[in-house]
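Heads up: the structure comes next, in structure tokens.
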Amino acid sequence: MISLDVYFEIQDRLLKAVPTEFRRYLYTTINWDARMIGLTGFRGIGKTTLLLQWLANESKGSSEYLYISADNPLVLKDGLYNIGDTFFKYGGKLLVVDEAHRYPGWSSELKALYDAFPNKKIIFTGSSTMEILRGKADLSRRAVIYNLNILSFREYLQIRTGDRIESVKLDELLINHRKISASLLHYEPLKFFSEYLQQGAYPYFVEGDYYNKVLNTLDKVIYDDIMGVSGIKPEGAATIKRLIAFLTTSTVPKISAEKLCNALGITKPTLYNYLDLMEHVRLITRVPPEKIGHKFLRSGAKVFLSNPNIYYALSRPIWSLEANTGTIREAFFASQFFSYSIAVPDVGDFSIRFNGKRIVFEIGGPGKTLQQIKNEKNAFVLKDGIESGYSQVIPLYLIGMMY
């Protein structure tokens, strides 16, 4: 029987040090009563902090809860199943396995623990969405999977000001946007929104050296999460980087598959495979044409990097790419509407289905008018550079208040 003392010592140190002033939006959304919970999300998004906050509040020093990190060499030495088996047999109730995908065969061992101890609970996290998707087959019908998105503008504003700021539902935002914006004017929202677009997507913005950390994360996603899992040949990394460069500098983020394949020297199936992989690891967001209704690459589809900060990071030395302001605004929209099925309409920039209605959004700067969508029902202009709107014109920053 292995000793768990060192794991409890590590847990105690982590729980004592975890910050409690701010909690991510998903904290109150997760059904913590579920027997098995999986938490995924981009690297550095705050998954570990969220779990430790919940443990600190829930466990209150009890030995019935245990946190371990699968990339700890001790876990590799003792074995994931053996640790869980010992913990549960000695009265443990809930095992948390952080970065589970770092452990070889993690999903089959968690499945075995789940089946062997029907009255116990397991929570696991993973930054490698590819590995989590692979493991999901073993854990089907067992795990409830949640994805933690980037910081919303609301969350960023809350961290920067220290104030508690409530989220706003979409239907309320569309109807009462003037009242909502009026309640935020004392924060000087345009100043903070400009900062957020440049370096506010990840909680580590408070630590400094932000863009280097974003670029390091980007490299890890390419080489560890994509190349390390997919079996792509080494030269594929260079092609993926060239594809990222194209998306970063594109004025209109619509892809002509034929032209891009010729430029990159790859076939269409290879291009589609790369885009699928990049989407699986949440490096990009693909928005299909409204008439097609699925995410295969076709003429008219828009493809964005997953959040505006990446565009700005890629403008730094090494990459030195310059992004288009319009593309960054649209990428922000796509990042905030991650829980909706968005599409590219014939008129307007984006459309969604919400409460049985089709809603169209046109996005632009201070000079954008309603002219382009004047004949559309349920259509709105999301305008950057304004503090307050009117009628169908809504400040762009307000859609960052939805979670």
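The values are calculated or read from the model by the stated rules, or taken from the named source; none is laboratory data. On a predicted model such as this, the values are computed, not experimentally measured, just so you know. Positions of Cβ are backbone-derived with ideal geometry, glycine not excepted, and every protein chain shown enters the neighbour counts.
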Name the residue, out of Gly300, Gly228, that is more than 25 Å from Ile45 (Cα to Cα) and either loosely packed, with under 14 Cβ neighbours inside 10 Å or not aliphatic (A, V, I, L, M) (or both).
Gly300
Just checking, which of Asp171, Asp219 is over 17 Å from the mean Cα position of the chain (by Cα), assigned to a helix (DSSP H, G or I) and charged (D, E, K, R)?
Asp171
Restricting the range 228-244 to residues that are of a type outside the set (Gly, Ala, Ser) and free of Cβ contacts under 8 Å to residues at least 24 places away in the same chain, which is farthest from Tyr311 (Cα to Cα)?
Lys233
Return a yes/no flag: does the range 47-55 have any residue that is surrounded by fewer than 18 Cβ atoms within 10 Å (Cβ to Cβ) and of a type in the set (A, V, I, L, M).
no
Glu258 - would you say it is of a type in the set (Asp, Glu), surrounded by 15 or more Cβ atoms within 10 Å (Cβ to Cβ) and closer than 30 Å to Ser351 by Cβ?
no
Residue check, Arg316 against (1) surrounded by 21 or more Cβ atoms within 10 Å (Cβ to Cβ); (2) touching a residue at least 60 places away in the same chain (Cβ under 8 Å); (3) in contact with a Phe, Trp or Tyr (Cβ under 7 Å, 6 or more places away or on another chain), all met but one. Which one?
(1)
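This table checks each residue for (1) of a type in the set (D, E, K, R); (2) modelled with pLDDT under 90.
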residue: Met130; (1), (2): no, yes
residue: Asp138; (1), (2): yes, yes
residue: Asn149; (1), (2): no, no
residue: Glu155; (1), (2): yes, no
Of all residues in the range 149-195, how many are aliphatic (A, V, I, L, M) and either out of contact with any helix residue (DSSP H, G or I) (no Cβ under 9 Å at 6 or more places or on another chain) or on the phi > 0 side of the Ramachandran plot (or both)?
4
Report every pair of residues separated by at least 6 positions or lying on different chains whose Cβ atoms are under 8 Å apart, first residue within the range 104-128 and free of Cβ contacts under 8 Å to residues at least 40 places away in the same chain and under 16 Å from Val75 (Cβ atoms), second among the aliphatic types (A, V, I, L, M) and surrounded by fewer than 19 Cβ atoms within 10 Å (Cβ to Cβ).
Ser107/Ala137
Considering Glu21, Glu109, Glu99, which residue is surrounded by fewer than 18 Cβ atoms within 10 Å (Cβ to Cβ) and not aliphatic (A, V, I, L, M)?
Glu21
Could you list, in sequence order, all residues of the range 14-32 that are in contact (Cβ under 8 Å) with a residue 40 or more places away in the chain, farther than 13 Å from Asn149 by Cα and either within 18 Å of the chain's Cα centre (by Cα) or not in a helix (DSSP H, G or I) (or both)?
Glu21, Phe22, Ile30, Asn31
Please identify the pairs in which a residue from the range 321-336 that is free of Cβ contacts under 8 Å to residues at least 12 places away in the same chain has its Cβ atom under 7 Å from the Cβ atom of a residue that is not polar (S, T, N, Q), counting only partners at least 6 apart or on another chain.
none
